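Working notes for the structure below.
Just so it is clear, none of the values below were taken in a lab; they were calculated from the coordinates. All figures in this text were calculated on a predicted structure; none of them were measured in a lab. Here the Cβ is made from the backbone with ideal geometry for all residues, glycine too, and neighbour counts use every protein chain on show.
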Amino acid sequence: MIIKENEPVDLETPTGPMRTYVFGPVAQGRYPGILLYSEIFQVTDPIRRTAALLAGNGFVVAVPEIYHELEPIGTALPYDQAGGARGNSHKTTKAMAGHDSDARAALDYLQAYAGCTGKLGVMGICTGGHLAFRAAMHKEVLAGACFYATDIHKQSEMGGTKDDTLERTGDIQCEMLMIWGRQDPHVPREARALVYNAMSDAELYFQWHEFNAAHAFIRDEGPRYDPAAAQICYTLALELFKRKLG
């Protein structure tokens, strides 16, 4: 489908306005909504292309700036050592409660959006995979796709409070798609096992796929990009969203 990027919107949250980019088909109609979470670098060109891919398959896609209260509006961090260090610092500075209220604002926006059917899914990449996993705990979310979700297993301090995502796995009621790279040092085998066991113990309905790939293997920029594996992953995600959201 031919798509368009609408004017960005600044959603009100308890921690300030959250710039959110909205992609969707040009054709008039109502389409299911997907909340897409970025990596620590925020809304970069590769993330925009992922949003465009989803929109081109018949979805309204909302992409928020995940560190909106920590960076000026419109900031996309570079894919370099300094950008990575800054993004990782934000990851521990921002409290999970802030991410939770951000998810609530974005999901409410999509449900009320005139071009959306109200059927919602979530998808995230890297730290965005963690945030998508967390957002899938909202009852209106019908499907979630997480690409090499980082730090779910750590239960570390975020903004001075303990991250309880792993403990709350049972709050997820929708079908999940979990995708990992076996050569990803950020989520090693024992870390993946913790997430898998938590999801199994909670009797979640989920798919689990591991690829012989490194971290960031679906990002179409940089040396770790694996286009063949990325194509398979996007096909899996689109199958899930079309089946569950219509």
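Hey, among the residues in the stretch 42-87 that are of a type in the set (A, V, I, L, M) and part of a loop (DSSP other than H, G, I, E, B), which one's farthest from F23 (Cα to Cα)? Steps first, please.
Just the residues of the stretch 42-87 that are of a type in the set (A, V, I, L, M), to begin with: 43, 47, 51-55, 60-63, 66, 70, 73, 76-77, 82, 85.
Now narrow it down to the ones that are part of a loop (DSSP other than H, G, I, E, B): 43, 66, 70, 73, 76-77.
Numbers: V43: 13, I66: 17, L70: 24, I73: 18, A76: 17, L77: 21 Å.
Only one residue tops the list, namely L70.
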Looking across the stretch 150-192 at residues that are touching a residue at least 40 places away in the same chain (Cβ under 8 Å), over 19 Å from the mean Cα position of the chain (by Cα) and over 25 Å from F217 (Cβ atoms), the single one that is surrounded by the fewest Cβ atoms within 10 Å (Cβ to Cβ) is G160
Can you tell me which of (1) touching a residue at least 24 places away in the same chain (Cβ under 8 Å); (2) in a loop (DSSP other than H, G, I, E, B) is the one R224 doesn't meet?
(1)
Can you name every residue in the stretch 31-60 that is without any contact (Cβ under 8 Å) to a residue 60 or more places away in the chain and at positive phi?
Q42
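Would you tally the residues in the stretch 52-63 being within 14 Å of the chain's Cα centre (by Cα) and more than 17 Å from T127 (Cβ to Cβ)? Don't jump to the end; show me each part of the working.
To start, the set of residues in the stretch 52-63 that are within 14 Å of the chain's Cα centre (by Cα) comprises 54, 61-63.
Now narrow it down to the ones that are more than 17 Å from T127 (Cβ to Cβ): 54, 61-62.
Residues flagged as within 14 Å of the chain's Cα centre (by Cα) and more than 17 Å from T127 (Cβ to Cβ) within the stretch 52-63 amount to 3.
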Quick check on D102: is it part of a helix (DSSP H, G or I), among the charged types (D, E, K, R), crowded, with 20+ Cβ neighbours inside 10 Å and on the phi < 0 side of the Ramachandran plot?
yes
Among (1) touching a helix residue (DSSP H, G or I) at 6+ places or on another chain (Cβ under 7 Å); (2) under 21 Å from L53 (Cα atoms); (3) surrounded by fewer than 15 Cβ atoms within 10 Å (Cβ to Cβ), which single condition is Y234 missing?
(3)
What pairs come out if I take residues in the stretch 82-101 that are of a type outside the set (V, I, T) and pair them with residues that are crowded, with 16+ Cβ neighbours inside 10 Å and assigned to a helix (DSSP H, G or I) whose C-beta lies under 8 Å away, six or more apart or interchain?
G87/T127; K91/T127; M96/R134; H99/L131; H99/R134; D100/R134
